[in-house]
Structures are given as C-alpha cells and as structure tokens.
Amino acid sequence: MPFNLPILLTWLRIVAIPLLIALYYLPANWATQHERDTLATLIFCFAALTDWADGYLARKLNQTSAFGAFLDPVADKLMVAAALIILVQLGRADAIVAMIIIGREITISALREWMAKIGAAKSVAVSMLGKVKTAAQMLAIPLLLYHMPLLGIDVRLVGNWLIWVAALLTLWSMGYYLRMAWPEIAKRSAEK
C-alpha cells in the first residue's frame, strides 16, 4: 500500500467521519446545538477541501496510484452518506433524498466495478453531470449542517433547495451512466 500526501489527505477524510458523527452523540452539556453544527460544518468543509486537494496533489506531484484511485471515492461516499444520515436524523433532510443519493452511489460503484471487470470502464467514466451533482451536494450538506442564518441568508432554505437539486441531478446522472453502459449490458445479456 503506497503512502504519500494525497493518500494521507484521503485517510484524514475517513478519520473525520467518526468525528462528524460523534459530535451529535456528545452529552448535551458538552456543546450547544449551534457549537455542534458549526464544528460539523467545519469538519465537512475540511473533508470537501481534502477531496479536491488529494486529487490535485496526486496529479501535480505525480503520485497517482491504484490504491489512491480506489480509496478516494470510497472516502467521499462514506463522508456524504454519514452526513446525509445525520441530516435525516436531525430532521434537516428527507429520507428519500438520502436514499436517492446513497442508492445511486452504490449502484454506480457496482456498475463501474463490473464495467472495469469486463474491460469497458471508459463507458462509465466520470462525466460533467456527475461533477455538477457532486458540487450541488457538497454545497448543500454544509449549509444543512450549519442550519443557522449566515450573513442574513437563510442557509437552511438554500441548503434544502440545493439538496433537492442534487437528488434530481443524482437520478439524471444515474440514468446517464446506465445509458452509457447499456450497450455492454445488452451485449453480455445476449451472450448468455
């Protein structure tokens, strides 16, 4: 297993997940709800920044690796899933939104693994639509975690709107990836 700065940043993102969750299980007298929300927002934003930084540094420092390519999306999906589950538990996101986003991630991960196994991974390479979906959810989640007005802006309303946009983009991008993979799926089905 290689170890370098990009992989360290990815591991830090994974370590941040139990910290994010633990904030909401601290005894009530240890932190106010606003303090928990602020810390959770900061942890999630740190994780989002390391997601960008690890990929950038891996390319810039020529430290890309198969292990890093595997670990990075796993860390992303775990962090987003943990945050969504917390938001559902806090009543700040609908369970259907969490189910759509988490379900899509599982489906597309399985599809990519299968496509790689049959040598057709390029059919389901990351698209611009997937990147826009990720941006919407990475903006929505910290706004929903923070949950208090900020600079006169109702971040709950903006976050709620963005998470629904992310859910719709999630469905759209899942349809896109399935459509791109369909020729291989049909071909393999016809061979049986």
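The values are calculated or read from the model by the stated rules, or taken from the named source; none is laboratory data. What you see is a predicted model, and the numbers here were worked out from it, not measured in a lab. Cβ atoms come from the backbone with ideal geometry, glycine included; neighbour counts cover every protein chain shown.
Quick notes on this one:
- Scan of region 124-150 for residues that are farther than 14 Å from T170 by Cβ and buried (at least 18 other Cβ atoms within 10 Å of the Cβ), ordered by number: V124, P142, L143, L144, L145, Y146, H147
- When I85, I153 are screened for being exposed (fewer than 13 other Cβ atoms within 10 Å of the Cβ) and either among the β-branched types (V, I, T) or not assigned by TED's automatic domain parsing to the domain that holds L23 (or both), only I153 passes.
- Screening L9 against (1) in contact with a Ser or Thr (Cβ under 7 Å, 6 or more places away or on another chain); (2) not in a helix (DSSP H, G or I) leaves a single unmet condition, (2).
- Test result for E184, of a type in the set (D, E), loosely packed, with under 13 Cβ neighbours inside 10 Å, over 23 Å from I85 (Cβ atoms) and modelled with pLDDT under 95: no
- Whichever residue in region 156-181 is at pLDDT 90 or above and over 19 Å from V132 (Cβ atoms) and, among such residues, is surrounded by the fewest Cβ atoms within 10 Å (Cβ to Cβ): L157
- Index of the failed condition, P2 passing every other in (1) under 19 Å from the mean Cα position of the chain (by Cα); (2) of a type outside the set (A, V, I, L, M); (3) part of a loop (DSSP other than H, G, I, E, B); (4) more than 29 Å from W164 (Cα to Cα): (1)
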